[in-house]
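Structure record follows, encoded as structure tokens.
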Amino acid sequence: MDQRFSSADVERALGISSVSYLGTGTFGETWKVVDGDRVAAYKIIYRDDADLERLRREITSYRRVASENVVRLDNVVPLVIEGRRRVTLVFEYIEGGDLADAIPQDRPTADELVNLASGLLNGVSAIHAASLLHRDLKPANIALRGGDYAHPVVLDLGLAKLMDVESITRYPQMIGTPMYMAPEQLRGERALKASDLWAIGVVLYEAATGEHPFVAQGETLAWDEFFKRIARKPSLPDHIPASVADLIDRCLSEQPHKRGTVAKAIRRIKGD
């Protein structure tokens, strides 16, 4: 997605001269803001109808999420950009880039892959413990603290729900980019805790192999073909540690109940 706002726009809105564009996602674009010794990530929401006061009330739930594997959400503020008030979410800034940038460069080692899996499960567990779902877990929403595969940090926690988007992708659109959402979400059904497990399975497969388990890079599929593919689990390379391979296999079950629970997945990845 393209950048909408300029550095000058953001600097003028904040009254701060040290900002840099980080990227654009489903709901808006994110900027790194340096104000003296304080560094934060500001996510500027594109929707003009976003309710500032409601979002301020809602983030009370998000502040209950306490995990080193989940980004900290600090505040919701209004910014006036291009003459319009833009609701903006203020997060801690994670130095090190994200998983989407790391995957094309190199593969994680076996130990890093196990730690990546463990970190993602711990992060999602913390989100679920706060009675939240993520709903949009993908490599671009996973930061790597210090650029280390072994220290993932889940970003954009639950924004799909926070922004009142029950299903980001609607049937029967075409699939033109790698997909990370569970089959039930893609069919427009209610997201489940197991939906986040599906996403973890897809993300780990891609981190381990450099490829999406069902869709080739740049490939465009009709929905019927895509649903046929996800009904058949992908083969797993031998170099993937057994605990991670088992996790991926369970997570990529088309039926949600066969994916198990995050708590059981954590115990398995630890070898308990």
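Observations
- Column: log10 I(q)/I(0), Debye, Cα scatterers of segment 210-272, q = 0.17, 0.18, 0.20 Å⁻¹: -0.69, -0.76, -0.88
- Calculated SAXS-style log₁₀ I(q)/I(0) at q = 0.11, 0.14 Å⁻¹ - segment 33-116, Debye, Cα scatterers: -0.44, -0.67
- Spin-label model, His257 to Glu112: label points 7 Å out along the Cα-to-beta-carbon direction sit 4.0 nm apart.
- At least 24 Å along the helix axis (C-alpha) and Kyte average at least -0.5, DSSP helices within the chain: 110-129, 193-209
- Using distinct alpha-carbon pairs, which all enter the 1/r mean, Kirkwood radius of segment 2-150 in Å: 16.5 Å
- The relative contact order of the chain comes to 15 percent, based on Cα pairs under 8 Å that sit 6 or more residues apart.
- Residues Arg232, Arg259, Arg145, Arg64, ranked from the fewest to the most other C-beta atoms within 10 Å, line up as Arg232, Arg64, Arg145, Arg259.
- Residues in segment 190-228 that a label on Asp246 would reach, taking backbone N under 17 Å of a point 7 Å out along Cα→Cβ: 201
- For the chain, alpha-carbon Rg relative to the globular expectation (2.2 N^0.38 Å, N residues): 1.00
- Electrostatic dipole magnitude of segment 7-92 [Cβ: Lys, Arg +1; Asp, Glu -1; Cα centre; debye, to 20]: 220 debye
- Taking other Cβ atoms within 10 Å as a rough exposure proxy, His257, His151 sort from fewest to most as His257, His151.
- Proxy reagent accessibility, fewest Cβ within 10 Å first, across Ser243, Ser235: Ser235, Ser243
- Here's the picture: charge each Lys and Arg Cβ at +1 and each Asp and Glu Cβ at -1 in the chain, and of Val77, Phe91, Gly271 the one pushed furthest to the positive end of that dipole is Gly271.
We did not get these values from a lab; they are worked out from the coordinates using the rules stated. Quick caveat: nothing in here was measured; it's all calculated off a predicted structure. For neighbour counting, all protein chains shown are included, and Cβ atoms are generated from backbone atoms with ideal geometry for every residue, glycine included.
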